[in-house]
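Novice: Following this message is one structure expressed as structure tokens.
The values are calculated or read from the model by the stated rules, or taken from the named source; none is laboratory data. Quick caveat, the model's predicted, so the values are computed rather than measured. Here the Cβ is made from the backbone with ideal geometry for all residues, glycine too, and neighbour counts use every protein chain on show.
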Amino acid sequence: MISALTEDAVGVQTGKNLNLTVRKAAMRDIGPLLDLINGYAAKGIMLARTEFELSENVRDFTVLYSGNELLGCGALHFYSPTVGEIRSLAVAEQAKTQGAGRLVVEALVKEAFTYELHAVFAFTYVPGFFQKVGFYEVERGELPLKVWKDCLRCPKFQSCDEIAVLRVLEPDKWTSGLPTFAEPNFYVQLPTVR
């Protein structure tokens, strides 16, 4: 999923006197989530989401609030019993460089550990941010299930310019560096920018 973060969104400070709360999203968060995500979608940075989509997937989301103000969000979406995607990662403009992105990603990674996932991946325009929180770049074609689910509806499908990043959570269970899917030699090459 396209990320609305910038590399400078990984500040070490978490904003003094912000009274930050990181929690799982609830139905009452759908309005603010739509505003944040679709604000970036209008700029072509993220995929737009509908109220229906968010209602269906609200359990995937983690939110970061300062009082009643939504500062950031992200979702952990499962693609197999061992691999998940961090997606819909967005930080409000006023919270960038305050560590908000890091807090959301850390919460999602903690959740991935809870579910005993072996790895999480993301698609981003800001690999530097993800590298600072333990991810490394991989070829998009190594993540084949993504193309059939979300990429097909993306307006940038034929000329995808996002960068795939991966964070291995269970190195002892991560064999040959790739997730094990139903058919071991079934990989789909995603389109690349020429």
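Novice: Between residues in the stretch 91-120 that are surrounded by 22 or more Cβ atoms within 10 Å (Cβ to Cβ) and residues that are among the basic types (K, R), which pairs lie under 8 Å by C-beta distance while being six or more apart or on different chains?
Specialist: Note: pairs meeting the criteria are A119/R167; V120/R167.
Novice: Is the stretch 13-28 home to any residue that is crowded, with 20+ Cβ neighbours inside 10 Å, at pLDDT 95 or above, among the hydrophobic types (A, V, I, L, M, F, W, C) and in contact with an Asp or Glu (Cβ under 9 Å, 6 or more places away or on another chain)? Let's see the steps before the verdict.
Specialist: Step one: filter the stretch 13-28 for residues crowded, with 20+ Cβ neighbours inside 10 Å, giving 25.
If we keep only those that are at pLDDT 95 or above as well, we get 25.
Now drop any that are not among the hydrophobic types (A, V, I, L, M, F, W, C), which leaves 25.
Okay, now just the ones that are also in contact with an Asp or Glu (Cβ under 9 Å, 6 or more places away or on another chain), so 25.
The answer is yes, given that some residue of the stretch 13-28 is crowded, with 20+ Cβ neighbours inside 10 Å, at pLDDT 95 or above, among the hydrophobic types (A, V, I, L, M, F, W, C) and in contact with an Asp or Glu (Cβ under 9 Å, 6 or more places away or on another chain).
Novice: Can you tell me which residue in the stretch 84-116 is farthest from A164 (Cα to Cα), limited to those that are in a helix (DSSP H, G or I) and of a type in the set (K, R)? Break it down into steps so the answer makes sense when it comes.
Specialist: As a first pass, look at the stretch 84-116 and keep what is in a helix (DSSP H, G or I): 93-95, 100-114.
Still in the list and also of a type in the set (K, R): 102, 110.
Numbers: R102: 18, K110: 20 Å.
Looking at the filtered set, the residue picked out is K110.
Novice: Where residues in the stretch 130-166 are over 20 Å from L117 (Cα atoms) and modelled with pLDDT of 85 or more, which of them is surrounded by the fewest Cβ atoms within 10 Å (Cβ to Cβ)?
Specialist: Filtering the stretch 130-166 for residues that are over 20 Å from L117 (Cα atoms) and modelled with pLDDT of 85 or more, the one surrounded by the fewest Cβ atoms within 10 Å (Cβ to Cβ) comes out as K132.
Novice: A further question follows. List pairs: first in the stretch 27-42 and free of Cβ contacts under 8 Å to residues at least 40 places away in the same chain and on the phi < 0 side of the Ramachandran plot, second assigned to a helix (DSSP H, G or I) and surrounded by fewer than 17 Cβ atoms within 10 Å (Cβ to Cβ), Cβ under 7 Å, 6+ apart or cross-chain?
Specialist: I30/E51; I30/S55; L34/E51
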